[in-house]
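Q: Let me give you the structure first, and then I'll get to my questions.
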Amino acid sequence: MSIDANLRERAAKVVPGGMYGHLDAALHGPGYPQFFVGGEGCRQRDADGREYIDLMCSWGPVVLGHRHPAVEAAVTAQLAEGDCLNGPGPVYVELAELMVETIPQADWVMFSKNGTDATTQALMIARAATGRTKVLMAHGSYHGADPWCTPSLSGTTPNERADLIEYPYNDLAGAEEAAARAEGDVAAIIVTPFKHDSFEDQEPAAVEFARGLRALADRIGAALVIDDVRGGWRLDLGGSWETLGVRPDLYAFSKAMANGHPIAAVTGVDSLRGPAQTIYSTGSFWFNAAPMAAAKATIETLRDIGGVALIERAGTRLREGLAAQAASHGFVVNQTGPVQIPWLSFEGDATLDKGVFWASACLREGVYLHPWHNWFLSAAHTDADIDRALRGTDAAFARLRTEFGAD
């Protein structure tokens with residue numbers, strides 16, 4: 001029995017199902033390991049010692065590379081002083097100042113731990129500010145794992161989503177219609193900076209849509225909330241809609257904010273500072289100093305090395321290589337999403353049979369990516385690393401052609 005199989009067997013005895021949530025390897029496809037023991041740069045090792053080029057970056061949090069020395073040095077230094085104390089350390093203020101300095105939209109910041117914390121906190125602030133209840137949300141969008149944003153899953157009730165009104169992503173007329181249905185009771189419009197629903201091709205936000213949502217929120221007196229948990233720190237250090245010329249009232253950040261250390265944040269405009277002070281939102285570990293030190297080091301390093309440009313370079317090289325390989329093997333593929341947060345799907349592969357087979361074949365070649373969730377690139381992906389990954393994906397395309405034939 002492999003080490004991974006043994007760990008799964010032991011886990012099944014003491015954890016319901018052995019594993020749960022989005023990291024459950026049973027959901028990914030054949031051959032995916034469940035347990036990992038190490039990471040360095042853009043590579044990870046599983047419990048059986050196999051090494052992979054990591055194109056998932058731990059599902060987004062790792063933006064500088066695993067065990068980045070500047071981040072780990074900051075964490076080590078903070079741990080030597082203290083982490084979970086009766087109040088936050090001075091780094092709490094230093095990080096808040098850095099974020100307000102870095103993000104043009106931000107007049108203030110509040111910290112928490114997970115992306116779900118941040119999106120929930122943002123909606124609480126919007127409701128406190130407006131005295132309203134309804135939230136407009138794009139159909140199918142993922143905003144976290146609390147009952148209010150997790151549809152049709154066991155243990156939740158319809159009442160927990162009763163204050164959500166859905167609109168189609170990139171459909172401004174649909175958002176206007178959803179606002180009309182709320183009859184003046186819209187507290188917030190929440191939106192992702194690009195459409196990144198699992199199992200579907202990703203879709204950039206149209207400029208007219210983004211600017212239209214900003215105008216709609218202003219007109220009806222609602223807060224515009226951008227859920228930048230997935231896009232933040234990879235697309236633009238100032239927030240993912242900076243390039244579109246649109247700034248929200250509230251940004252929600254997490255994932256890549258501290259290069260794998262647990263922290264999240266909401267940034268807001270000055271007019272919402274008072275309402276933000278009125279909400280009760282807290283957690284036993286929300287003010288730990290070590291993750292804040294990690295976040296400060298991560299943001300500073302991304303700024304100093306031009307991290308966004310490095311990640312874009314790696315993503316562009318990967319995308320161009322995959323396009324050439326797919327064509328040479330006779331496959332029609334769709335590569336969607338920003339190059340820093342890519343995904344590849346096969347034309348006509350509605351059941352994802354080809355996608356799952358190809359992703360599993362990539363895994364056998366030492367390339368860890370995903371068949372139905374978007375991938376993530378980091379500043380640690382050098383040209384040589386991308387070329388190594390492309391050798392693996394090319395072999396996977398060859399296996400796919402043997403199994404399915406060319407398109």
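Each value in this text was obtained by applying a stated rule to the coordinates, not by laboratory testing. As the structure is a computational prediction, the values presented were derived from the model and not from experiment. Here the Cβ is made from the backbone with ideal geometry for all residues, glycine too, and neighbour counts use every protein chain on show.
Q: For the chain, what does the helix formula give at 222 nm: sum of -39500 (n - 2.57) over DSSP H segments with n ≥ 4, over the residue count, nearest 500 deg cm²/dmol?
A: Result for the chain, helices only: -12500 deg cm²/dmol.
Q: Still on this structure: Which three extents, in angstrom, do the Cα atoms of the stretch 82-135 have along their principal axes, listed largest first?
A: 41, 27, 18
Q: Please pull out the direction-averaged projected area of the stretch 69-305, using the convex hull of its alpha-carbon atoms, in nm² to one decimal place.
A: 13.2
Q: Can you give me the Kirkwood hydrodynamic radius for the stretch 1-159, using every pair of distinct Cα atoms, in Å to one decimal?
A: 19.8
Q: Using only Cα atoms, tell me the angle between helix 69-81 and the longest principal axis of the chain; keep it within 0 to 90° and round to the nearest 10.
A: 60
Q: Which value, in debye to the nearest 20, gives the size of the charge dipole of the stretch 96-152 about its Cα centre, when Lys and Arg are +1 and Asp and Glu are -1 at the Cβ? Mind showing how you got there, number by number?
A: On the way: 4 positive and 5 negative charges, 74 e Å.
Dipole about the Cα centre, nearest 20: 360 debye.
Q: G49: net charge of surrounding residues, Cβ under 14 Å, Lys/Arg +1, Asp/Glu -1, itself excluded?
A: -2
Q: Taking a quarter of the surface of the Cα convex hull of the stretch 328-391, what do you get in nm²?
A: 4.6
Q: Take S141, S345 and order them by how many other Cβ atoms sit within 10 Å, fewest up front.
A: S141, S345
Q: Can I ask one more? For the chain, what is the percent of antiparallel DSSP beta bridges, rounded to the nearest 5?
A: Details: 23 of 40 bridges.
Here the share of antiparallel DSSP bridges comes out near 60 percent.
Q: For the chain, build the charge dipole from Cβ charges (+1 Lys, Arg; -1 Asp, Glu) around the Cα centre, then report which of A361, A162, G231 sits farthest towards its positive end.
A: A361
Q: Extension gain L79-R10, at 0.36 nm per residue separation less the Cα-Cα distance, in nm? Write out the running numbers ahead of the final one.
A: Working: separation 69, 0.36 × 69 = 24.84 nm, distance 3.19 nm.
Result for the pair: 21.6 nm of gain on full extension.
Q: Here is a further query. Run the Debye formula on the Cα coordinates of the stretch 141-220, all scatterers equal and no solvent, and tell me log10 I(q)/I(0) at q = 0.10 1/Å.
A: -0.27
Q: Another question, if that's okay. Taking Rh as the Kirkwood radius, which is the inverse of the mean 1/r over Cα pairs, what is the Rg/Rh value for the chain?
A: Numbers: Rg = 21.4 Å, Rh = 22.2 Å.
That ratio is 0.97, to two decimals.
Q: About its Cα centre, what dipole magnitude does the chain give when the only charges are +1 on Lys and Arg Cβ and -1 on Asp and Glu Cβ, stated in debye to the nearest 20? If you can, show how the numbers build up before the last one.
A: Values: 33 positive and 51 negative charges, 95 e Å.
Approximately 460 debye in magnitude.
Q: Can you put E365, E203 in order of Cβ neighbours within 10 angstrom, beginning with the fewest?
A: Final ranking by Cβ density, sparse to dense: E203, E365.
Q: So which residue, out of F357, F376, F36, gets the largest mean-square fluctuation from a GNM of the chain using Cα contacts under 10 Å as springs?
A: Of F357, F376, F36, the Gaussian network model singles out F36 as fluctuating most.
Q: Bins of 10 Å, beginning at zero and ending with the bin holding the largest distance: percent of Cα pairs per bin for the stretch 100-183, please.
A: Going out from 0 Å in 10 Å bins, the stretch 100-183 shows 15, 40, 36, 9, 0 percent.
Q: A follow-up question, please. Along the Cα-to-C-beta direction of A406, a point sits 7 Å from the Cα; which residues of the stretch 319-345 have their amide N less than 13 Å from that point?
A: Those under the cut-off are 325-332.
Q: Now, a different point. Which entries in K195/K255; K255/K296; K134/K255 show an alpha-carbon gap greater than 19 Å?
A: From K195/K255; K255/K296; K134/K255, over 19 Å: K134/K255.
Q: With angles folded into 0 to 90 degrees, how steeply does helix 91-102 sit against the dominant principal axis of the chain? Use alpha carbons for both and round to 10.
A: For 91-102 against the chain, the angle is about 90 degrees.
Q: Next question. Could you please state, rounded to a whole Å, how far the C-alpha centre of the stretch 146-174 is from the C-alpha centre of the stretch 341-407?
A: The two parts, judged by their Cα centres, are 32 Å apart.
Q: Could you tell me how many degrees, from 0 to 90 and to the nearest 10, lie between the Cα long axis of helix 383-404 and the main elongation axis, the longest principal axis, of the Cα atoms of the chain?
A: Approximately 70 degrees, to the nearest 10.
Q: Follow-up question, since we're still on this one. Calculate the dipole size of the stretch 69-305 relative to its Cα centre from +1 charges on Lys and Arg beta carbons and -1 charges on Asp and Glu beta carbons; express the result in debye to the nearest 20.
A: With only Lys, Arg, Asp and Glu charged at Cβ, the dipole is about 280 debye.
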